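Step one of this worksheet: look at the structure below.
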2 protein chains.
Amino acid sequence: MNDIKLKILEVTKRRGFYWKSYEIYGGLGGFYDYGPLGASLKDNILQLWKDYFVTKEGFLLLDSPNIGPELLYIASGHAEKFTDYMVKCKKCGHVFRADELLKGHVDNPEKLDAEGLWKNIKEKGIKCPDCGGELTYPEKFHLMFSTRVGMDKNAFLRPETAQGIFINFPIFYRLNREKLPLGVAQIGKGFRNEISPRQGLLRLREFNMAEIEVFIDPQEKFLLGDVRNISLPLLTREGKEYRITVEQAVKMGILSEPMAYFMGKIIIFLEKIGIDIKKVRFRQHSREELAHYSRDTWDCEVLLSYGWVEIIGIADRGDYDLKRHMEYSGKDLRAFRRFKSPKKRKIKRLRARMEILGPLFKNDARKIAEILENMEYEGGNIEILLEDRKIKIPKNAYEVVEIEESVGGERFIPQVIEPSFGIDRILYAILEHSYYERKDSGYKVLKLKPRVAPIKAGIFPLVSKEPLTTKALEILKIIRDSGVSCYYDDSGSIGRRYARADEIGVPFCVTVDYTTEKDNTVTIRERDSTLQKRVRISELPEILELLSDEKINFESLDENV
Amino acid sequence: MNDIKLKILEVTKRRGFYWKSYEIYGGLGGFYDYGPLGASLKDNILQLWKDYFVTKEGFLLLDSPNIGPELLYIASGHAEKFTDYMVKCKKCGHVFRADELLKGHVDNPEKLDAEGLWKNIKEKGIKCPDCGGELTYPEKFHLMFSTRVGMDKNAFLRPETAQGIFINFPIFYRLNREKLPLGVAQIGKGFRNEISPRQGLLRLREFNMAEIEVFIDPQEKFLLGDVRNISLPLLTREGKEYRITVEQAVKMGILSEPMAYFMGKIIIFLEKIGIDIKKVRFRQHSREELAHYSRDTWDCEVLLSYGWVEIIGIADRGDYDLKRHMEYSGKDLRAFRRFKSPKKRKIKRLRARMEILGPLFKNDARKIAEILENMEYEGGNIEILLEDRKIKIPKNAYEVVEIEESVGGERFIPQVIEPSFGIDRILYAILEHSYYERKDSGYKVLKLKPRVAPIKAGIFPLVSKEPLTTKALEILKIIRDSGVSCYYDDSGSIGRRYARADEIGVPFCVTVDYTTEKDNTVTIRERDSTLQKRVRISELPEILELLSDEKINFESLDENV
């Protein structure tokens, strides 16, 4: 059964779902092309994602560029922290991620630093997996792709779509009429210069993501709504396993409301797109495993032939990102919380003295003044962050004034919960969980859900003869015009044609036979049951549309002739 | 009227269609974010494009990566030829495209080389447009963004999506059951490191494209189908203007069948998405203007406040790309043409002598042998292209053998026609062509076609009072569940709400009033006529769906209460 990888590889390549990019030039590791069926499968997954996570939630969509300026990624922390340790074989020159080589030898090798990795490589006698050669001392390797904009501006390809959302928070907050929670979603590419990607669609250097940043006022209750009773399979960082509802997980203090809410939604979504929910779990990151921006992260993992694989991450990013971008840009990215009734309070504010700041900081003086005058003074020396630099402000460069304000509310930095979906991995997981072979014939089948399936219907004449072929082509045109994706096939036996449809997951096949001429009916065959029902041609377009949209199911379809 | 630019800028930014990226970090020229309305407008354009140019034609979709290996772009010619001339101001340091500065001073400045540009800059006394400073001698500037994959593989961000299609021709040819014409389409990003982008969405460094490569057997007739009578506004490179049908243009020898066919389709498409066809023309490139891969190119231009702007290019790329990729990869990218009856013919073939090739070319010997044995020998010395190098093959490294073959067909390199769409420019053109102000009130309106409009319907209570608000929210839910994108608004006067809907192009507004309670009807107001019709709530979802899909139009809608 573990050769399911190879079987899926064979079908997907032969039928044009996806394949390694640039093969005529010897390939380029970590890049894949989606062909017609794969692109359509991906589109369908994303459409369902958008309907369920964006439209239904009333969230807003952003589409921001792949290329971003260096300063953005200094602010986000990626320029400093987004690295892996790499080792090189002294003999064949191949490179590897140090922690990957230690998997199975030590627990959580991703936690180790260079010294720790090196110690274990020596102790466990790890050699080059390709030629058995000696490995070099682990070196830090930066995972962002860098480029240059214009003549000389350093820039990176985004490692996540999230940063585009954070820096636009004020715009979206305004578009949302200054209400929280506010969800902003983005579908697009992410880029990571993986050291040695070798797992097909599971580890790509250029990949498809769908991310949501949900901005929350921590003082407001987050409602669990209709997912409260969804059952969650949890594995905590202490190694405890639970299968409890969303509501219970919150009550037991294992999950915050928003984390639990999105996990519930994820379970519903995965089931909708055809993932086997019995092979899903949420695993909490250990503290060492957490990304630099995260306070808590749970990976949604699915069981595949590769083992448990992360397909979605749900991270509690706290106020990390907005805070950093405020510091580095000097802009205010806060939300506003209205008090129930206005409050009076004394606060200390700063008045910048430009006659001191000006000569001292020249071009930066105005920016610094702006930052100072937006601060609330809490005593002591003042050090501010301007772009990448920490700047000490001398005492004589400002005055402290105490004022009493009557305030209707206060500004605060929202907390952020981020559900982040790896679309290529989800697509692959769907394929593995959909694949089976018929007990009788051994024929391959992908039991893709109708809404996910790239092609909804095959239209076949029973035999390739007139008048059946002409009639089938007429029906093809009617179905196509109604917007249901379908194709015509008259080559080989009808059994062979059903088999070809099955292996790319076509859920319904329509066959024109000799009865068709007499009473204007055709058969619809359902892929998994292989049952056939006879329906009127006049009703076929509507029936296929309802079946494809999963508004009716095949079992409940009346034969109506 | 020329301030339409500014007016559109104001509305699109305020309402969240699009804005300059990275503004909190001082911006990055040539990059824009699409907000919720812009992203949705773009999606709708692309959906219509896909329906009309891909599904209806039976073409196939590809989704290949943005990052590609250096060798690919050496083969495509971009590494060498994809450059512009740049000048720098000696005083303020700003950089400019040399040919852009000469526009209006000389005809077709893009044809000039460094010397020619320099001569004209001096003669016409061109100075820095920003500060009046002296300009430097023009220098070549490379327009591809470069990066590195893994540790040391040079790579580029694609300047067009087309190359991903060419190198996959054999896969698509097989998926298409070895039939031509074969169309392969790709929607995705393109990247060009423009020297000095300053025209909003019209000149982006990262842009949205939709391209089709149509592979053709030049010996087979290309059918004009149902576009034969579409009228084309043509401007030839000799400066002649025509307004003739697709069929006439072919008969007069101005256009080839496939070029004319796609121009006809483009006219229909542009009208469908709301471009004013009276402001469209096809302009043929002068010979000097042609890209390095093109035998003939016609730009589809629209008249905007910026002047005539190219939004689509239709290029005859001949066999340039497939041929180059065959040369550089050593792989066979040809199609097969079956003869009506098998032919006998004598041909000269080569037999490689490895005992000579081996010592001479070492690791390359096998590749060279393969190329030689696939050649038909036509006499003379042999020079082959292997990757980037021209290699002379000594006479003693092969034998020439004459054989008689009975051949059922022959292999040939298909010709390629490429319609290439600039989606951001098309989107902007739609906005300019849709914008108007009401004669009475001066209110702004975008007369977006229903299928293109990001939001199809606003649902309003006449006044913000019960029971109208609850009823309106109920209706919102029904409409949303039926899949029609809509929103609720109860703030301000009904007139103000209509105006807010108009300026983002919402075609239909549904109003719940005091009659609603009595007879379960609501009014639908059409944006441009401002006419209202009263319909039953029970019929509203279907009516809105038909109106949004443009399956019925508002004028023909019966009041049915």
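The values are calculated or read from the model by the stated rules, or taken from the named source; none is laboratory data. Owing to the predicted nature of the structure, the values given are computational and were not obtained by experimental measurement. Don't worry about glycine lacking a Cβ; one is built from the backbone with ideal geometry, like all the others, and counts go over all protein chains shown. Ligands, DNA and RNA are excluded from the accessible area calculation, which covers all protein heavy atoms including side chains. Shrake-Rupley method; radii C 1.70, N 1.55, O 1.52, S 1.80 Å.
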Report task. May I ask for the equivalent-ellipsoid semi-axes of chain A, computed as the square root of five times each C-alpha gyration tensor eigenvalue and listed largest first in whole Å? Result -> 52, 31, 22
Report summary line: With the label set 7 Å along Cα→Cβ, B:Ser529 is separated from its counterparts in the other copies, in nm and shortest first, by 4.7
Report summary line: Taking A:Leu41, B:Leu303 and ranking on accessible area (1.4 Å, protein atoms only), highest first, one gets B:Leu303, A:Leu41
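Averaged across B:144-155, how many Cβ atoms of other chains sit within 10 Å of each residue's Cβ atom?
Details: counts 1, 8, 3, 11, 4, 9, 12, 7, 1, 2, 0, 6.
Across B:144-155, the average partner-chain Cβ count within 10 Å equals 5.
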Report summary line: The distance between the Cα centres of region B:377-446 and region A:185-235, in whole Å, is 38 Å
Report task. Quick one: which residues, 5+ away or cross-chain, put their amide H under 5 Å from the amide H of A:Ser485? H built at 1.01 Å from N. Result -> A:Lys456
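In debye, nearest 20, what is the charge dipole magnitude of chain B about its Cα centre with +1 on Lys and Arg Cβ and -1 on Asp and Glu Cβ, if you could check? Let's see the in-between values first.
On the way: 92 positive and 87 negative charges, 133 e Å.
With only Lys, Arg, Asp and Glu charged at Cβ, the dipole is about 640 debye.
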**Report entry** Over chain B, relative contact order from alpha-carbon pairs under 8 Å, at least 6 apart, %
**Finding:** 12 percent
Query raised in the report: Taking the axis about which chain B rotates onto chain A, which residue of B lies nearest it as judged by Cβ position, and how many whole Å separate them?
Result: B:Thr147, 2
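Rounded to the nearest 5, what % of the DSSP beta bridges within chain B are antiparallel ones? Working shown, then result.
Numbers: 91 of 106 bridges.
Here the antiparallel bridges make up roughly 85 percent for chain B.
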**Report entry** Solvent-accessible area buried by A and B, counting both chains, probe 1.4 angstrom, square angstrom
**Finding:** 5500 Å²
Query - region B:270-392: relative contact order in percent, alpha carbon pairs under 8 Å with at least 6 residues between - result: 16 percent
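In square angstrom, what is the accessible area per residue of the protein assembly as shown with a 1.4 angstrom probe? Don't jump to the answer; show the numbers that get you there.
Details: 50050 Å² over 1122 residues.
Here the per-residue accessible area is 45 Å².
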Requested in this report: Excluding B:Lys444 itself, calculate the net charge of residues whose Cβ lies under 12 Å from the Cβ of B:Lys444, where each Lys or Arg counts +1 and each Asp or Glu counts -1.
Outcome: +3
Requested in this report: Could you pull the accessible area for A:Glu410 with a 1.4 Å probe, rounded to 10 Å²?
Outcome: 70 Å²
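Restricting attention to region A:178-215, which GluC sites (Glu not before Pro) occupy a DSSP loop and are surrounded by at most 16 other Cβ atoms within 10 Å? Intermediate results must be reported in sequence, preceding the final value.
Details: sites: A:Glu178, A:Glu194, A:Glu206, A:Glu211, A:Glu213; in loops: A:Glu178, A:Glu194.
Of the GluC sites (Glu not before Pro), the ones in loops of region A:178-215 whose Cβ has at most 16 other Cβ atoms within 10 Å are A:Glu178.
A:Trp308 to A:Ser556: extension gain in nm, 0.36 nm per residue of separation minus the Cα-Cα distance? Write down the numbers at each step before the final one.
Values: separation 248, 0.36 × 248 = 89.28 nm, distance 3.62 nm.
Contour length minus Cα-Cα distance gives 85.7 nm.
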Requested in this report: Report the accessible area of B:Ile4, computed with a 1.4 Å probe over the heavy atoms of all protein chains in place, in Å² rounded to the nearest 10.
Outcome: 10 Å²
**Report entry** Computed label-point distance, nm, for sites A:Glu545 and A:His105 using a 7 Å Cα→Cβ extension
**Finding:** 6.1 nm
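Over region A:455-556, with every protein chain in place, what whole percent of the accessible area is carbon and sulfur at 1.4 Å, could you tell me? Could the numbers behind the result be given before it?
Numbers: 2370 of 4430 Å².
The value for region A:455-556 is 53 percent carbon and sulfur by accessible area.
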Report task. Please go through the residue pairs A:Lys13/A:Lys42; B:Lys5/B:Lys456; A:Lys362/A:Lys395 and name each one whose alpha carbons sit more than 20 Å apart in this structure. Result -> B:Lys5/B:Lys456
**Report entry** B:Arg14-A:Asp440 FRET efficiency (beta carbon distance; Förster radius 56 Å; 0.05 resolution)
**Finding:** 0.30
Query raised in the report: Which Cys residues of the protein assembly as shown have no other Cys Cβ less than 4.7 Å away and so no disulfide-compatible partner by this rule?
Result: A:Cys300, A:Cys486, A:Cys509, B:Cys300, B:Cys486, B:Cys509
Query raised in the report: Measuring from a point 7 Å out along Cα→Cβ, what nm distances, shortest first, does B:Trp308 have to its partners in the other copies?
Result: 6.5
Query raised in the report: Each residue of region B:441-449 in order: what ³J(HN,Hα) in whole Hz does its phi give by Karplus 6.51 cos²θ - 1.76 cosθ + 1.60, θ = phi - 60°, with x for Gly and Pro?
Result: 9, x, 4, 7, 9, 10, 8, 5, 4
Query raised in the report: Scaled to the compact-protein estimate 2.2 N^0.38 Å, what is the alpha-carbon radius of gyration of region A:341-410, rounded to two decimal places?
Result: 1.23
**Report entry** For the protein assembly as shown, size of Cβ-based charge dipole, Lys and Arg +1, Asp and Glu -1, in debye
**Finding:** 1100 debye
Report task. With a Förster radius of 22 Å, plug the Cβ-Cβ distance of A:Lys91 and A:Asp113 into 1/(1 + (r/R0)^6) and report the FRET value to the nearest 0.05. Result -> 0.30
Query raised in the report: List for region B:469-486: residues with 20 Å² or greater reduction in accessible area, all protein chains versus chain alone, probe 1.4 Å?
Result: B:Arg480
Query raised in the report: Distance in nm between label sites at B:Arg237 and B:Glu288, each 7 Å beyond Cα in the beta-carbon direction?
Result: 1.2 nm
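Based on DSSP H assignment, which helices of chain B show an axial Cα extent of at least 15 Å together with a mean Kyte-Doolittle hydropathy greater than or equal to -1.0?
Working: long enough: B:4-15 (16 Å, -0.34); B:36-49 (20 Å, 0.24); B:257-273 (24 Å, 0.88); B:423-434 (16 Å, 0.51); B:468-481 (20 Å, 0.43).
Within chain B the helices that satisfy the rule are B:4-15, B:36-49, B:257-273, B:423-434, B:468-481.
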Query raised in the report: Using the reciprocal of the averaged 1/r over all distinct C-alpha pairs, how large is the Kirkwood radius of region B:455-556 in Å?
Result: 13.3 Å
Report task. Keeping all protein chains in position, work out how much accessible area A:Ser556 exposes to a 1.4 Å probe, and write it in Å² to the nearest 10. Result -> 80 Å²
Report task. May I ask you to list the lysines whose Cα is less than 22 Å away from that of B:Lys127, ignoring any residue fewer than eight positions away on the same chain? Result -> B:Lys88, B:Lys90, B:Lys91, B:Lys103, B:Lys111, B:Lys119, B:Lys140
Query raised in the report: Which distance in nm do the two modelled labels at B:Asp43 and B:Arg536 give, with both placed 7 Å along the Cα-to-Cβ direction?
Result: 3.3 nm
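Filter the cross-link list B:Lys272/B:Lys439; B:Lys444/B:Lys551; A:Lys278/B:Lys477; A:Lys392/B:Lys20 down to pairs whose alpha-carbon distance in this structure exceeds 29 Å.
A:Lys278/B:Lys477; A:Lys392/B:Lys20
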Report task. One decimal, nm, shortest first: give the distances between the label point of A:Gly93 and those of the same position in the other copies, each label point 7 Å from Cα along Cα→Cβ. Result -> 4.0
Report summary line: Rounded to the nearest 0.05, FRET efficiency between A:Asn363 and B:Arg366 (Cβ-Cβ, R0 56 Å) equals 0.35
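Tally up the carbon and sulfur contribution to the accessible surface of region A:341-410 as a whole percent, 1.4 Å probe, everything protein left in place. Before the final figure, lay out each step's value.
Values: 2120 of 4730 Å².
Reported share for carbon and sulfur atoms: 45 percent.
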